[in-house]
Amino acid sequence: MIGARALAVGRKEFRQIARDGRTLFILLFVPAFFLLLFGYALNWDIRGVHIAVDDRDRTVESRSLVEAFVRSGYFARVETLTNDTQLNRLMDRNEIRAALIIPRGFGRDLARGERVPVQVLLNGENANTATTVMGYANSVIQSESSRYLAAGGAIAIPPPFVVEPRIWFNPQLRSALFLVPGLIAYIAMITAVISTAMSIVREKERGTIEQIRMAPLNASSFIVGKTIPYLLISLAAELVIIGVAMALFELPMRGAWPLLLLSLTLYLVGALGLGLLVSSIAESQQV
């Protein structure tokens with residue numbers, strides 16, 4: 001009996017949603033808009049870091065190292081240094097974020113199999129940016145060192161202890177892969193809570209809640225009937241933004257789709273219940 005009454009309320013709610021194009025647009029397309037907005041705006045990756053180069057060796061090996069920095073995509077060479085005064089001026093004016101200094105004898109010492117120190121100077125006014133740039137520089141230098149060793153260009157004695165970091169789940173450290181899954185859950189919570197809360201409060205404002213109270217409905221049938229349409233619409237909206245995330249942000253899906261849908265359903269039921277709680281307290285949409 002409850003099921004038949006709940007379905008009747010659900011059909012009525014679907015018809016009301018279909019007549020209210022603005023609500024349907026908000027529920028289906030605004031979540032995808034939020035995903036695009038936050039997914040592109042919240043990006044911690046740093047590209048094109050302005051770097052100046054002081055190549056004091058001017059050999060094939062030193063030029064190869066400079067090209068490795070530029071080729072990585074993390075750095076953009078904007079200046080060639082000739083003296084320390086020029087370096088200080090560029091750093092003070094924030095025209096560069098880093099400087100690469102290659103010492104004399106770089107190529108000769110490499111051929112001998114000796115360790116050659118390469119200096120990277122960073123603008124440290126922003127600690128997070130400096131740490132990230134330092135990580136990029138280390139990555140480029142280590143990659144170039146490995147290339148020389150593999151080609152037999154140098155003989156190196158490894159240190160007794162070596163740290164070999166491995167990044168799981170996101171080897172490229174792309175910030176989008178950290179942020180987008182959280183955004184999906186965040187957007188789902190917002191849209192689900194607002195949809196059910198606004199639905200019942202709208203009934204209060206229009207006075208139709210009194211008609212519902214006079215109808216042969218109990219509270220369970222009314223709540224279930226109100227919840228079902230928004231649950232289905234919210235699920236559809238979530239699938240839309242997951243598809244957008246996979247297409248635009250290359251978000252990988254490594255798991256079972258049925259398990260994901262089940263988790264989303266349980267999550268949305270809780271969010272819709274929170275919306276019903278809010279609607280039972282608020283007396284107007286403005287509140």
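Per-residue answers, yes or no, for (1) modelled with pLDDT of 80 or more; (2) among the small types (G, A, S); (3) touching a Leu at 6+ places or on another chain (Cβ under 7 Å):
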site: A99; (1), (2), (3): yes, yes, yes
site: G113; (1), (2), (3): no, yes, no
site: Y136; (1), (2), (3): yes, no, no
site: V140; (1), (2), (3): yes, no, no
site: A151; (1), (2), (3): no, yes, no
site: A154; (1), (2), (3): no, yes, yes
site: V162; (1), (2), (3): no, no, no
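Take the residues in segment 115-134 that are in a loop (DSSP other than H, G, I, E, B) and of a type in the set (S, T, N, Q), then tell me which one is modelled with the highest pLDDT.
This residue is N123.
Do you know which residues across segment 87-113 are without any contact (Cβ under 8 Å) to a residue 40 or more places away in the chain, open to solvent by 90 Å² or more (accessible area, probe 1.4 Å) and not in a helix (DSSP H, G or I)?
R93
Give the number of residues within segment 235-287 that are closer than 15 Å to V193 by Cα and of a type in the set (D, E).
1
Among (1) open to solvent by less than 40 Å² (accessible area, probe 1.4 Å); (2) without any contact (Cβ under 8 Å) to a residue 24 or more places away in the chain; (3) within 30 Å of L248 (Cβ to Cβ); (4) of a type outside the set (A, V, I, L, M, F, W, C), where does Y40 come up short?
All conditions are met except number (1).
Among (1) part of a loop (DSSP other than H, G, I, E, B); (2) touching a strand residue (DSSP E or B) at 6+ places or on another chain (Cβ under 9 Å); (3) at pLDDT 85 or above; (4) open to solvent by 30 Å² or more (accessible area, probe 1.4 Å), where does G73 come up short?
(2)
Mind checking which residues of segment 262-287 are in contact with a Leu (Cβ under 9 Å, 6 or more places away or on another chain) and open to solvent by 70 Å² or more (accessible area, probe 1.4 Å)? Walk me through how you get there before you give the answer.
Initially, segment 262-287 is screened for residues in contact with a Leu (Cβ under 9 Å, 6 or more places away or on another chain), giving 264-265, 268-269, 272.
Result: V269, single match.
The values are calculated or read from the model by the stated rules, or taken from the named source; none is laboratory data. Please read all numbers here as calculations on a predicted model, not as lab measurements. Quick reminder, even Gly has a Cβ in these numbers, built from the backbone with ideal geometry, and neighbours come from all protein chains shown. Quick note on the areas: whole protein, heavy atoms, side chains included, nothing else; ligands and nucleic acids left out. Shrake-Rupley method; radii C 1.70, N 1.55, O 1.52, S 1.80 Å.
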